[in-house]
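**Q** Attaching a single structure in structure tokens format; questions to follow.
Only the coordinates and a few stated rules stand behind these numbers; no lab work does. Just so we're clear, the structure is a prediction, and the values are computed from it rather than from any experiment. Glycine gets a Cβ as well: all are built from the backbone with ideal geometry, and neighbour counts include every protein chain shown.
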Amino acid sequence: MAAADDIATAIDQVAARIKDLTTDPKPDYSVNGQSISWGSYLDMLTRQLAALQGAQQNLAGPFQRITRMRP
């Protein structure tokens, strides 16, 4: 399954980038009117990781919920 492999690779890459940003945090700054916000970048990566994990779960197949009826 190529799609599942691609998503797993993307998850690994995003998780590694998040690890890099959190182990060596950098301050936000502005250069010549262009601002760099590492906090916003980290938020975007976190949302992207959650979306990729959701896609990976959807690719895993349908899930069935088993419930028990009380007599």
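**Q** Just one of (1) 3, 17, 20, 21, 17, 11, 6, 3, 1, 0; (2) 3, 13, 17, 15, 12, 11, 9, 7, 5, 3, 2, 1, 1, 0, 0; (3) 3, 16, 24, 23, 18, 11, 4, 1, 0 is P(r) over Cα pairs in 5 Å bins from 0, in percent as worked out from the coordinates here. Which one is it?
**A** (2)
**Q** Please report, in debye to the nearest 20, how large the charge dipole of the range 10-59 is about its Cα centre when each Lys and Arg carries +1 at its beta carbon and each Asp and Glu carries -1 there. Intermediate values should be presented prior to the final figure.
**A** Numbers: 4 positive and 5 negative charges, 13 e Å.
The dipole magnitude comes to about 60 debye.
**Q** Let me ask you something else. Tell me, V31, V14 in order of fewest to most beta-carbon neighbours within 10 Å?
**A** Working: V31 7, V14 19.
Lowest count first: V31, V14.
**Q** Can you show me the helix-derived [θ] at 222 nm for the chain, built from DSSP H runs with n ≥ 4 at -39,500 (n - 2.57) apiece and divided by the number of residues, rounded to the nearest 500.
**A** When only DSSP H runs of four or more count, the value is -21500 deg cm²/dmol.
**Q** Related question: List, in order, the whole-Hz ³J(HN,Hα) value for each residue of the range 17-27 obtained from phi through the Karplus relation with A = 6.51, B = -1.76, C = 1.60 and θ = phi - 60°; use x for Gly and Pro.
**A** Working through the residues one at a time gives 5, 4, 4, 4, 5, 7, 7, 9, x, 10, x Hz.
**Q** Where does helix 38-59 land angle-wise versus the long Cα axis of the chain, in degrees 0 to 90, nearest 10?
**A** The helix 38-59 is inclined about 20 degrees to the chain.
**Q** Could you tell me the relative contact order of the chain? Use alpha-carbon pairs under 8 Å, at least six residues apart, and round to a whole percent. Kindly include the intermediate steps, with their values, before the conclusion.
**A** Details: 30 pairs, mean separation 26.6, N = 71.
Across the chain, relative contact order equals 38 percent.
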